[in-house]
Amino acid sequence: MSLCPHCGVTVEETAAFCPSCGKAVSSGSTGPRVVDREELAATGAGIKLQAEGLRKEAHKAFVCLLVVAILQLVVAAIFYALSPALLQVSVVVGIIGVLFFGLAFWARRSPFPAAITGLVILVTLWALDAIADPATVAQGLLVKIIIIVVLVRAIQAGARYRRLMQETGTEHV
Amino acid sequence: MQDAPEPPTLVEGPAASSLAEEPAAPAFPRYCSGCGAAWEAGWTGCPICARRGDGSSAAKRTEEIEERPLRRSLSLYFALLATSLAGVIATISSGRPDGPAQLFIQWTVQAVDTLLVFAWCLAARKDIAPLVRATSGLRWYAFAAAGSLATFVLASLAVEALVRTLGIERMKLAEPVFEAGHGWPALLLMVSLQPAIVEELAFRGVILGALGRFLKPGEAVVVSSMMFMVLHLLPMSFPHLFLMGLALGFLRIRSGSIYPPILLHFLHNLYCIFAEVHGGL
């Protein structure tokens, strides 16, 4: 602790300016200020950079949910075209497709809650499929894993983005 | 900019003197000690150079604050899903989709769900206690009663449409209970009262409360409604279950109490029983 030469209040050793009068105070070192990663991350420019990256990551949830929606609707159409006896199945698949369309468009505005919902619904439906027919677990396993990874990363990015906005006092979009 | 002249003091006497005696609010810091920028009220750190208000440099990111409530809501959802799926597996492997065995499985699932939800309520008692203590205004119970009629009519129309157009079999709630030799008390308890209390505590209590920690209220209601909808495992009923979930969620948010949504859910299920026993709409 030292005293401000201009107004006399106590000033932190590391302070470059007096927090009371705003005038420069002499600090121990006169060399350039070294900004580490954490400090840069908390500056206005650093926050902008981080927010941009997180938004992009979270936005992938939109693409992912849209792909699921389109796949579901295509499958529903195929079922219906194959045989009118499969009407019940195609209605079920179609309802889920419409649901994912809704989620995808919600994800455009708010990827964070939409990605959580999409993940929960998909895992539930896959579990239900697996019980009805255990062979479905292996079907499209790679696609399922990609979808889960994208959604989980979107959720993490969404959470971080919102916290960043909260900490900096900016209203998130 | 010139300083505005001091407004004339209107209050005189003891009130004025007590005001004057109060210590002035510390206007400290007025400038950032890192970069000299004018400090604005409400800043916890300087947005220009990242210096904290207390003078410490570098903002350490706070630990993942959202993680615990997110985990809590998802873990309860998946625990309930696991019991439901276990019930489905048990029903399939018992070989008979109807009859007393099925009823026994279903009631076991409901009993386990009750225990699970109470355990999670205990873990989330900070969120749940205010909801259970708050009784809310009478008008919210009136809204719940009116809402239950609306959701019942909506659900009946949706089921009727599915039965007529797709030939779906109507789900029987009362018949298996009566066939197994139980009376009205068991029917009301297991079909109306237990689901109303346990599902509301789970979805509008623990899950909505936890989601509300890191989502906006409207978003939390939508996500919890989606979970409520999917957990019923009946894709055909998704549309009206979702709308019912929304109604229950908003009732819980607006009233600040868990009882109005419990009442709505209880009455809704009650009407469903009466409709089945007395021949529907």
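The values are calculated or read from the model by the stated rules, or taken from the named source; none is laboratory data. Values in this document were obtained by computation on a predicted structure and should not be read as measured data. All Cβ positions, glycine included, derive from the backbone under ideal geometry; neighbour counts span all protein chains shown.
Quick notes
- Sub-8 Å Cβ pairs linking a first residue in the range A:121-133 that is surrounded by fewer than 18 Cβ atoms within 10 Å (Cβ to Cβ) to a second residue that is charged (D, E, K, R) and part of a helix (DSSP H, G or I), at least 6 apart or interchain, are A:Trp126/A:Lys144, ordered by first then second residue.
- Any pair with Cβ under 6 angstrom, 6 or more apart, that starts in the range A:97-118 at a residue that is on the phi > 0 side of the Ramachandran plot and ends at one that is at pLDDT 95 or above and part of a helix (DSSP H, G or I): none
- Residue selected from the range A:147-169 under the condition away from chain B (no Cβ under 14 Å) and in contact with a helix residue (DSSP H, G or I) (Cβ under 8 Å, 6 or more places away or on another chain), by the criterion surrounded by the fewest Cβ atoms within 10 Å (Cβ to Cβ): A:Arg153
- Enumeration of residues in the range A:71-109 that are of a type in the set (D, E, K, R) and within 11 Å of another protein chain (Cβ to nearest Cβ): A:Arg109
- A:Ala76 meets the conditions (1) touching a Ser or Thr at 6+ places or on another chain (Cβ under 7 Å); (2) loosely packed, with under 14 Cβ neighbours inside 10 Å; (3) at pLDDT 80 or above in every case but one. The failed one is (2).
- So A:Ala51, is it at pLDDT below 90 and touching a helix residue (DSSP H, G or I) at 6+ places or on another chain (Cβ under 9 Å): yes
- Single unsatisfied condition, B:Leu74 versus (1) within 10 Å of chain A (Cβ to nearest Cβ); (2) modelled with pLDDT of 90 or more; (3) surrounded by fewer than 16 Cβ atoms within 10 Å (Cβ to Cβ): (3)
- The residues listed here are B:Ala275, B:Ala210, B:Ala186; of these, the one that is modelled with pLDDT under 95 and either buried (at least 21 other Cβ atoms within 10 Å of the Cβ) or at positive phi (or both) is B:Ala210.
- Scanning the range B:131-152 for residues that are touching a residue at least 40 places away in the same chain (Cβ under 8 Å) and not hydroxyl-bearing (Ser, Thr, Tyr) turns up B:Leu131, B:Val132, B:Ala134, B:Gly137, B:Trp140, B:Phe143, B:Ala144, B:Ala145, B:Gly147, B:Leu149, B:Ala150, B:Phe152.
- Picking from residues in the range B:135-168 that are at pLDDT below 85 and within 20 Å of the chain's Cα centre (by Cα), the one that is surrounded by the fewest Cβ atoms within 10 Å (Cβ to Cβ) is B:Gly137.
- Scanning the range B:223-235 for residues that are more than 7 Å from chain A (Cβ to nearest Cβ), within 10 Å of the chain's Cα centre (by Cα) and not aromatic (Phe, Trp, Tyr) yields a count of 2.
- The residue list B:Ala59, B:Ala27 contains one member that is modelled with pLDDT under 70, outside any helix (DSSP H, G or I), surrounded by 15 or more Cβ atoms within 10 Å (Cβ to Cβ) and facing another protein chain (nearest Cβ under 10 Å), which is B:Ala59.
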